[in-house]
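Novice: One structure coming up, written as structure tokens, with questions to follow.
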Amino acid sequence: MTEKQKQNLIRIVITSIIMISLNFIEADGMFRFTLYIIPYFIIGHDILIKAVKGIRNRQPFDENLLMAIATLGAIALALYRSGDYVEAIAVMLFYQIGEWFQSYAVGKSRKDIADLMDIAPDYANMENEEGQLEQVDPDDVEIGSVIVVKPGERVPIDGTVVEGHSTLNTAALTGESLPRDVEPGNEIISGSINLTGLLKIRTTKEFGESTASKILELIEDAGSRKSKSEEFITKFARVYTPIVVWAAIALALIPPVVLTVMDSEPMWGAWLYRALTFLIISCPCALVISIPLSFFAGLGAASRHGILVKGSNYMETLSETKTVVFDKTGTLTKGTFSVVAIHPEKLDENQLLHLAAHVERYSSHPIALSLLEAYPNEHDDCRIENTEEIAGRGIKAIINGDTVCVGNARMMEDLGINWKPCEHHGTIIHVAINGEYEGHIVVADTPKPHSKAAIKALKAQGIRETVMLTGDARAVAEAVAGELGIDQVRSDLLPQDKVSEVEQLLAAKPSDKEALAFVGDGINDAPVLSRADIGIAMGAMGSDAAIEAADVVLMDDDPFKIATAIRVSRKCLRIVKENIWFAIGIKVLVLIAGALGFASMWAAIFADVGVAVLAILNAMRCMYIKAQQPETVS
Amino acid sequence: MKKTYKIEVDCANCAAKMEEAANKVEGVKAASVNFMALKMKVEFEDGVEPKEIMKNVLADCRKVEPDCEIFFE
């Protein structure tokens, strides 16, 4: 609670106590007036002062003036007619309670969301000349300095580990709950929490350019890009308040005058009361506060799941997505080769892999790496000699005295060996020992573990069409698409073709209200990212071009996050719409009831304050939107 | 030149009014207020002294919202 909130709370309590005690005091005329005017000033003096200042600054139509006129009017009515001052004071009291609650709720949610995003520490540890650790301002740490991160601390600046082993929790950055092991030589990004051991890190970036600072900047900027809903509310508020004020004036004057003309009782007092009720409802607070709050909380929830949405407007577009276009490599598939099949002739599978891995020991070709990954304990006591690389063919080596050739079909043909074709799609690696064909190993780019679940979840959310773009050959592309359940495939594309494919899909959309999302890994596809209605870059921390071009950044490369992002945006937008309809609906109802004389000031103050409070509580639900788990998608 | 300032303001409507006022100040190219983050982002015209401009911005914001505060020192 801030100092101001405390003071206001005290004022509210004191006024309530006085009002209750005044119930037991019998008083009449001016004495009664004096008794009641005291709590009125205690609870309302700041509103009156602000109202006067508003008039002086020529900004009359604000809620302070409206509250001042309404309550002073009610007091005047009480003075001449009923002697019931309670209503005017109660209205002011409830207004203040509402304001207090709003300020408390907003402050609290602001703090909750800020805590959620508290990923950049405000200090870095450095060793001084005596070898003592010293806390310094991370802005002052130059590139190439060595900083120390103790267990339990956050990494302040991106860098490379030079000393120490530890596990890192990157949940705040990527939403990934599994800790990551690091050792000297590993790149680590700022914002992750060091869990177990002391780490010394050589910084590779400045603090301001580091991942955590970039993310914070992105999130802070996100609020300034306003959505259509927010713009609508601002416009609505601008016309709504003056209309209600003029309507109130008309309500106070026209009916009594008409009644007088018609020779009946003008009832000035009753119509004035109805007009004052109007004024109390006229503040658009509930809308003006709850809509940005919903978006802010929604952006917060998304970032907790490792999804950065760069603005409320993108949140809105994301929720309208009907078509999702994927880049294949690196997005739906791992982008690296791995062994998918081993077909030996006489040996067993493991032996074939064993020999092939030996031959590829010194190669850094992606295929060699995939073989070594499939056979991790390659360094055994086998003798490997005379390793020789034959360009465009494969590798030959002598293992324990046997000549082993590992390579493509051309290598086999050059050696005059009969090789067998394979029904698998992918790259086929043939193995021959001493001129005898021994079988083949198939390596291919495999789908990521959550790709299939992601497509399923998207379909379940009502995404009409999923499209995969790839530079791969048709057969390979269709095999992958079939496995994952993708609707359309565009294969054999050059990087520049992807833009025109997306443009065609954009032109084919049945209406402008539907959005097309493109998902890429940010490598080579920045133009496509910016061309689509909404560009989603995945695993892009570190690629500045992709972050720049994308509207939504997924912090790790799990495709399931796409479904999560759309889910969060849909829920957030639903809450926004609920609030718009709820707040406007209640206000219009009470306005009508007020004009007809059915609604008292009490109902009016509920329409204003009560609705605002309920809308804020509803908006806060955005913060707790949960992600579906890939395993539970059926 | 772009700068971000911390601000203090009570209600979302008031923040919107501050944004409107700040945009009208001479020397300000564009200003946006983020009520949830309590930050004001100001883009200045070329060759102006931000501190001088911010004094005017604060004065004009106070006219529309007497309670507000901008921290630019």
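We did not get these values from a lab; they are worked out from the coordinates using the rules stated. Please read all numbers here as calculations on a predicted model, not as lab measurements. Positions of Cβ are generated from backbone atoms using ideal geometry, with glycine treated the same way; all protein chains shown enter the neighbour counts.
Novice: Which aspartates and glutamates, on any chain, are close to A:LYS420 with Cα under 20 Å apart, when same-chain ones fewer than 8 places away are left out?
Specialist: The reachable aspartates and glutamates, counting only those whose Cα sits under 20 Å from A:LYS420, are A:GLU345, A:ASP348, A:GLU349, A:GLU436, A:GLU438.
Novice: What Kirkwood hydrodynamic radius, in Å, does the stretch A:121-224 give when the mean of 1/r is taken over all pairs of distinct Cα atoms and then inverted? Mind dumping the intermediate values first?
Specialist: Working: mean 1/r = 0.0728 Å⁻¹.
For the stretch A:121-224, the Kirkwood estimate is 13.7 Å.
Novice: Give the aspartates and glutamates whose C-alpha is closer than 13 Å to that of A:LYS452, dropping any in the same chain fewer than 8 places away, or say none.
Specialist: Filter leaves A:GLU483, A:ASP487, A:ASP558, A:GLU631.
Novice: Less than 15 Å Cβ to Cβ from A:ALA270, Lys/Arg counted +1 and Asp/Glu -1: what total charge do the surrounding residues give? Can you show the working numbers first?
Specialist: On the way: positive: A:ARG81, A:ARG274; negative: A:ASP84, A:GLU87, A:GLU265.
Summing Lys and Arg as +1 and Asp and Glu as -1 gives -1.
Novice: Net charge near A:ALA368, counting Lys/Arg +1 and Asp/Glu -1 over other residues with Cβ under 13 Å of its Cβ? Each step should come with its number before you reach the end.
Specialist: Values: positive: A:ARG361; negative: A:GLU360, A:GLU373, A:GLU378, A:GLU389.
Overall, the nearby charge balance is -3.
Novice: Over the stretch A:1-120, what is the relative contact order in percent, taking alpha-carbon pairs closer than 8 angstrom and at least six residues apart? Working shown, then result.
Specialist: On the way: 72 pairs, mean separation 35.9, N = 120.
The normalised contact order for the stretch A:1-120 reaches 30 percent.
Novice: Follow-up question, since we're still on this one. From the gyration tensor of the Cα coordinates in chain B, what semi-axes in whole Å does the equivalent ellipsoid have, largest first, with each one equal to sqrt(5λ)? Working shown, then result.
Specialist: Details: eigenvalues 67, 28, 22 Å².
Result for chain B: semi-axes of 18, 12, 10 Å.
Novice: Let me ask something else. Less than 10 Å Cβ to Cβ from A:THR387, Lys/Arg counted +1 and Asp/Glu -1: what total charge do the surrounding residues give? Can you show the working numbers first?
Specialist: Working: positive: A:ARG361, A:LYS396; negative: A:GLU360, A:GLU385, A:GLU388, A:GLU389.
Here the count lands on -2.
Novice: Multiply the residue separation of A:VAL239 and A:GLU514 by 0.36 nm, subtract the distance between their alpha-carbon atoms, and state the gained length in nm to one decimal.
Specialist: 96.0 nm
Novice: Now for a separate question. Would you order A:PHE41, A:PHE518, B:PHE35, A:PHE24 from fewest to most other beta-carbon atoms within 10 Å of each residue's own beta-carbon?
Specialist: Ranked by crowding around the Cβ, least crowded first: A:PHE24, A:PHE41, B:PHE35, A:PHE518.
Novice: Could you give me the ³J(HN,Hα) list for the stretch A:459-471, computed from phi with Karplus coefficients 6.51, -1.76, 1.60 and θ = phi - 60°, whole Hz, x at Gly and Pro?
Specialist: Per-residue couplings from phi come out as 4, 5, 7, x, 6, 6, 9, 10, 10, 10, 9, 7, x Hz.
Novice: Same structure again: Take the alpha carbon atoms of the stretch A:320-396, find their center, do the same for the stretch B:19-65, and report the distance between the two centers in whole angstrom.
Specialist: One Cα centre to the other: 60 Å.
Novice: Sorting A:HIS165, A:HIS305, A:HIS358, A:HIS450 on the 10 Å Cβ count, fewest up front, what's the list? Walk me through the numbers before you get to the answer.
Specialist: Details: A:HIS165 14, A:HIS305 18, A:HIS358 24, A:HIS450 21.
By the 10 Å Cβ count, ascending: A:HIS165, A:HIS305, A:HIS450, A:HIS358.
Novice: Full extension from A:HIS165 to A:GLU231: what is 0.36 nm times the residue separation minus their Cα-Cα distance, to one decimal in nm?
Specialist: Numbers: separation 66, 0.36 × 66 = 23.76 nm, distance 5.06 nm.
Gain on stretching A:HIS165 to A:GLU231: 18.7 nm.
Novice: Still on this structure, I have one more. Considering only DSSP beta bridges where both residues belong to the protein assembly as shown, give the percentage that are antiparallel (nearest 5). Let's see the in-between values first.
Specialist: Values: 68 of 89 bridges.
Around 75 percent of the beta bridges assigned by DSSP in the protein assembly as shown are antiparallel ones.
Novice: Can you give me the relative contact order of the stretch A:334-446 as a percent, contacts being Cα pairs under 8 Å and 6 or more apart?
Specialist: Numbers: 221 pairs, mean separation 37.0, N = 113.
Relative contact order here is 33 percent.
Novice: A follow-up question, please. Assuming a strict under-22 Å limit between Cα atoms, what lysine pair count do you get for the stretch A:507-634 once near-sequence pairs (fewer than 8 apart, same chain) are dropped? Walk me through the numbers before you get to the answer.
Specialist: On the way: A:LYS513/A:LYS571; A:LYS513/A:LYS577; A:LYS561/A:LYS571; A:LYS561/A:LYS626; A:LYS571/A:LYS626; A:LYS577/A:LYS587; A:LYS577/A:LYS626.
For the stretch A:507-634, the number of qualifying lysine pairs is 7.
Novice: When the convex hull of the C-alpha atoms of the stretch A:334-446 is computed, what volume per residue in Å³ does it have?
Specialist: 96 Å³
Novice: Note down the relative contact order for chain A as a percent, whole number, built from C-alpha pairs under 8 angstrom at least six residues apart. Don't jump to the answer; show the numbers that get you there.
Specialist: On the way: 1178 pairs, mean separation 91.9, N = 634.
About 14 percent, as a whole number.
Novice: Gap in Å between the Cα centre of the stretch A:151-230 and the Cα centre of the stretch A:415-469?
Specialist: 35 Å
Novice: Determine the dipole magnitude for the stretch A:124-206: charges of +1 sit on the beta-carbon of Lys and Arg, -1 on that of Asp and Glu, nothing else is charged, the reference point is the Cα centre, and the result goes in debye to the nearest 20.
Specialist: On the way: 6 positive and 16 negative charges, 84 e Å.
It works out to roughly 400 debye.
Novice: With the radius of gyration and the Kirkwood radius both derived from the Cα set of the stretch A:12-116, what is their ratio Rg to Rh?
Specialist: Details: Rg = 16.4 Å, Rh = 15.2 Å.
My calculation puts Rg/Rh at 1.08.
Novice: Take A:VAL325, B:VAL28 and order them by how many other Cβ atoms sit within 10 Å, fewest up front. It would help to have the intermediate numbers written out before the result.
Specialist: On the way: A:VAL325 24, B:VAL28 21.
In increasing order of surrounding Cβ atoms, one gets B:VAL28, A:VAL325.
Novice: Now a separate question. At q = 0.05, 0.11 Å⁻¹, what log₁₀ I(q)/I(0) does a Debye calculation on the Cα points of chain A give, no solvent, two decimals?
Specialist: Values returned for q = 0.05, 0.11 Å⁻¹ are -0.38, -1.13.
Novice: Grab the beta carbon distance between A:VAL588 and A:ILE254, set R0 = 22 Å, and tell me the FRET efficiency rounded to 0.05.
Specialist: According to the calculation, E is roughly 0.65.
Novice: What average number of partner chain Cβ atoms lie no more than 10 Å from the Cβ of the residues making up B:39-50?
Specialist: Numbers: counts 4, 1, 4, 0, 0, 0, 0, 0, 0, 0, 0, 0.
That works out to 1 on average.
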